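Values quoted throughout were computed directly from the atomic coordinates according to the rules given, and no laboratory measurement underlies them. From a predicted model like this one, the values you see are computed outputs, not experimental measurements. Because the Cβ atoms are built from the backbone with ideal geometry, glycine has one as well, and the counts that use them run over all protein chains shown.
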Amino acid sequence: MSAAVETFVGALSAVSLDNVFNPYADRCPLHDRTDAPHCRQRNLVMSLNTAIDLKVRTVWIARDLGYRGGRRTGLALTDEVHLDSYSSLFQGLPVEKATNGPAVGERTATVIWQMLQRLAEPVFLWNVFPLHPHEPDEPMSNRCHTKRERQTCARFLHEIMDLLQPETVIAIGGDAHRAVDELGIEATQVRHPSYGGQNTFIAQIEEAYALPPARTPDLFTLPA
């Protein structure tokens, strides 16, 4: 286990900002298990160590954690519905659900994992702002992080780059690409799959990884 990874997760867990949920330190009184922050820390530590061991060559970066996804799992672009898929992508990594009740899904994560399951290699997922920003007094809401918040956490994105040394960085959405560019990291921009961008995102990922286009079922032709 990498001491650098332990130090990284420890430092991330120590970040405290107004109207920001830190899944590696904070516990949601409505949904979280008692040990939820430690569970999410373990998920991240295992993921980073495994990504280093596997020499993951690509990092996908989105904007910030959402309340139905990374806030609950501690894993970027990953909801609870896709924890098994995440485990498979990283060769059986024993990531755990940190909340009580049924698994919760997220629309963006569904499209992201639709594509990740078509790849023949693991990809490390991260966010420019690796915590969950929410509106004041509305913990179950999403908002864009501020420039000050981004600057506070900029070191973590740079450390991810240092730890993984990826060949390619893909920024998902214009907000993520502008923020990554501001931090001096070169990235290829793809369309965010939400707000009508799903088909463009899929086509851009197919092109980036030289994947054959997904076949759309013909509902009007009977099978032979």
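Residues checked against (1) surrounded by 20 or more Cβ atoms within 10 Å (Cβ to Cβ); (2) in a loop (DSSP other than H, G, I, E, B); (3) of a type in the set (Val, Ile, Thr):
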site	(1), (2), (3)
TRP60	yes, no, no
ASP84	no, no, no
GLY92	no, yes, no
GLY101	no, yes, no
Per the list (1) within 20 Å of LEU12 (Cα to Cα); (2) surrounded by 13 or more Cβ atoms within 10 Å (Cβ to Cβ), residue check on ILE172 breaks on (1)
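Looking at PRO29, PRO37 in this structure, which one is under 17 Å from the mean Cα position of the chain (by Cα) and over 17 Å from TRP126 (Cβ atoms)?
When all the criteria are applied, what remains is PRO37.
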Could you say whether any residue in the range 178-186 is farther than 16 Å from ARG63 by Cβ and surrounded by fewer than 16 Cβ atoms within 10 Å (Cβ to Cβ)? yes
For the range 103-144, enumerate the residues that are closer than 22 Å to ASP175 by Cα, part of a loop (DSSP other than H, G, I, E, B) and polar (S, T, N, Q). SER141, ASN142
Flag if ARG72 is part of a helix (DSSP H, G or I), touching a helix residue (DSSP H, G or I) at 6+ places or on another chain (Cβ under 7 Å), of a type in the set (Lys, Arg) and surrounded by 17 or more Cβ atoms within 10 Å (Cβ to Cβ): yes
State the number of residues belonging to the range 111-142 that are touching a residue at least 60 places away in the same chain (Cβ under 8 Å), over 14 Å from the mean Cα position of the chain (by Cα) and farther than 24 Å from ALA210 by Cα. 8
Assuming TYR195 fulfils every condition listed in (1) more than 30 Å from ALA4 (Cα to Cα); (2) outside any helix (DSSP H, G or I); (3) touching a Ser or Thr at 6+ places or on another chain (Cβ under 9 Å) apart from one, which condition is it? (3)
